[in-house]
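Notes to accompany the following structure.
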Amino acid sequence: MKRILTSIAAVSLIAGAASAPAFAQADREPVTSINQLLERVRQDSRDAAAENQRRLQEFRSERDRQASLLSQARNELASLEAQSERLQAEFDANDQQIAELDAELREAQGAFGELFGAARQTAGEFGSIIESSMVSAQYPGRAEPLQELAQSRTLPERFELDAIWQTMINEMEGQAEVTTFNARVLGLNEGNPVPVTRVGPFIAMANDGGPLFVQWTSDENNAAAGYRLANLERQPPARLLSAASNLINAEPGEIVSGPVDPSRGGLLRIYRDVPSLSERFEQGGIVAKIIAALLIFSAAFGLFRLVSLLLVNSAINAQKRRSTASSSNPLGRVMLAYEEVKDRPTETIELKIDEAILRETPKFEFGLNFLKLAAGVAPLLGLLGTVTGMIRTFTQITLFGTGDPTIMAGGISEALVTTVSGLIAAIPLLFIHSFAASFARGAQSALEEQAAGIIARHAEEKSAG
């Protein structure tokens, strides 16, 4: 029993030794007796106490250092607060001195103060006008002195006041000019200068391989960049570009007609929202695409039938001039049918020739009914698109009301574009059908005429024989 208790105690001590501080070395000599184990545990306990004491000393010294830093920061804060109070007092004194000096300045200016105030106001307003004027594209930098004068708080000098009326005169002279100068245009010639023709403050055209309208505008996203010449996102119609070309290429002193935008670019910018032909077609939706497909297929087929009937009529006319029948044309095949039965009675010959003509007639009329059907279906498809577009419009009115007309524009555009598409498709198809039917009737009439002549000659020869 004593041996068992001793073993249990040894295990407990060994477990306690396993939980000793980390500074216990793992490479110690192995314990061979209880005394050695007890001594080692005591030694580890003394080492742990020494380590804890050392840490306590470090903590106390760190606490003292932190207290010293805190005291230093408080002293610095007090110094800065005192400096702030001193600066605030100095600021208040300076502000009061400025107010007194302003009062003295206003008193010294007297009536001139109102005059200089009006001059600054005029300079600011006219500076904005100069900056937005297209004349500044040719004479840049005119607005900066006026804007500086408008923002100045000191008395203006004589030359600053003279700059106001001098700039006004310069602007009036520039508005009366039709001149050409070199300038950079955003979006043209990789930023290099191009010839620009300016018509007063109204309109400007660049010559970059052809006439192009440009605008004097500012960047909405970067107002600080100021105004600049920029190419229009979408050019106006060709008639305006042709008139611009005449103006650009005119000789000095020559009188020519040219475009003028009295709104100073507003009318030209409207063309940015005018849809092109392809965009209008897209507004028609799926119905417009069906009408376009019907037109393309029917027109191609109708033209093919026209060419075929023209060739048939040409072959019939050529056969009329020959006495030898050929099976390559309808008239020749009718003549061959006559040759087969020319020795029989006249009634038999008539029936045989009529049969040959009846065999040729469907070939002439092939596809004509389809062309007539396509010409009639196209307007109906346009009417279908009109109805669907109006349904879409009324649906949008029900959902969003009539406050914004642009909401209804899509449905109205679909209705109108499909109607126009249907009429555009029907008109040429009607012409093609009319011409094709005329050629078919001409060919059939030629066969009937020649058949009647053949029968008449046969009857004369038989009666003469």
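The values are calculated or read from the model by the stated rules, or taken from the named source; none is laboratory data. Since the structure is predicted, the reported quantities are computational estimates derived from the model, not experimental observations. Note that we place each Cβ from the backbone using ideal geometry, even for glycine, and neighbour counts take in every protein chain shown. Ligands, DNA and RNA are stripped out before the accessible areas are found, and what is left, the full protein with its side chains, is counted by its heavy atoms. Shrake-Rupley method; radii C 1.70, N 1.55, O 1.52, S 1.80 Å.
Among the numbered criteria (1) closer than 30 Å to Val214 by Cβ; (2) touching a residue at least 40 places away in the same chain (Cβ under 8 Å), which single criterion is violated by Ala119? Ala119 satisfies every listed condition except (1). Among the residues making up the range 391-409, those that are within 28 Å of the chain's Cα centre (by Cα) and either surrounded by 15 or more Cβ atoms within 10 Å (Cβ to Cβ) or β-branched (Val, Ile, Thr) (or both) are Arg392, Thr393, Thr395, Gln396, Ile397, Thr402, Thr406, Ile407, Met408. Only residues that are touching a strand residue (DSSP E or B) at 6+ places or on another chain (Cβ under 8 Å), among the β-branched types (Val, Ile, Thr) and not in a helix (DSSP H, G or I) were counted across the range 230-280, and they come to 1. Which one is surrounded by the most Cβ atoms within 10 Å (Cβ to Cβ) among residues in the range 306-342 that are among the basic types (Lys, Arg) and out of contact with any helix residue (DSSP H, G or I) (no Cβ under 8 Å at 6 or more places or on another chain)? So the residue we want is Arg322.
When Ile424 is tested against the conditions (1) touching a residue at least 60 places away in the same chain (Cβ under 8 Å); (2) closer than 25 Å to Ser314 by Cβ; (3) open to solvent by 90 Å² or more (accessible area, probe 1.4 Å), the lone failure is (2).
When we screen Phe91, Phe126 for residues that are free of Cβ contacts under 8 Å to residues at least 60 places away in the same chain and open to solvent by less than 60 Å² (accessible area, probe 1.4 Å), the only hit is Phe126.
Results for (1) on the phi > 0 side of the Ramachandran plot; (2) in contact with a Cys (Cβ under 8 Å, 6 or more places away or on another chain); (3) acidic (Asp, Glu); (4) at pLDDT below 85, shown as yes or no for each residue.
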| position | (1), (2), (3), (4) |
| --- | --- |
| Val11 | no, no, no, yes |
| Gln36 | no, no, no, yes |
| Gln53 | no, no, no, no |
| Glu76 | no, no, yes, no |
| Gln83 | no, no, no, no |
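Confirm whether Gln147 is among the polar types (S, T, N, Q), exposed (fewer than 12 other Cβ atoms within 10 Å of the Cβ) and touching a residue at least 24 places away in the same chain (Cβ under 8 Å). It is false that Gln147 is among the polar types (S, T, N, Q), exposed (fewer than 12 other Cβ atoms within 10 Å of the Cβ) and touching a residue at least 24 places away in the same chain (Cβ under 8 Å). Regarding the range 301-315, can at least one residue be identified that is touching a residue at least 60 places away in the same chain (Cβ under 8 Å) and under 30 Å from Glu461 (Cβ atoms)? Yes: the range 301-315 contains one or more residues that are touching a residue at least 60 places away in the same chain (Cβ under 8 Å) and under 30 Å from Glu461 (Cβ atoms).
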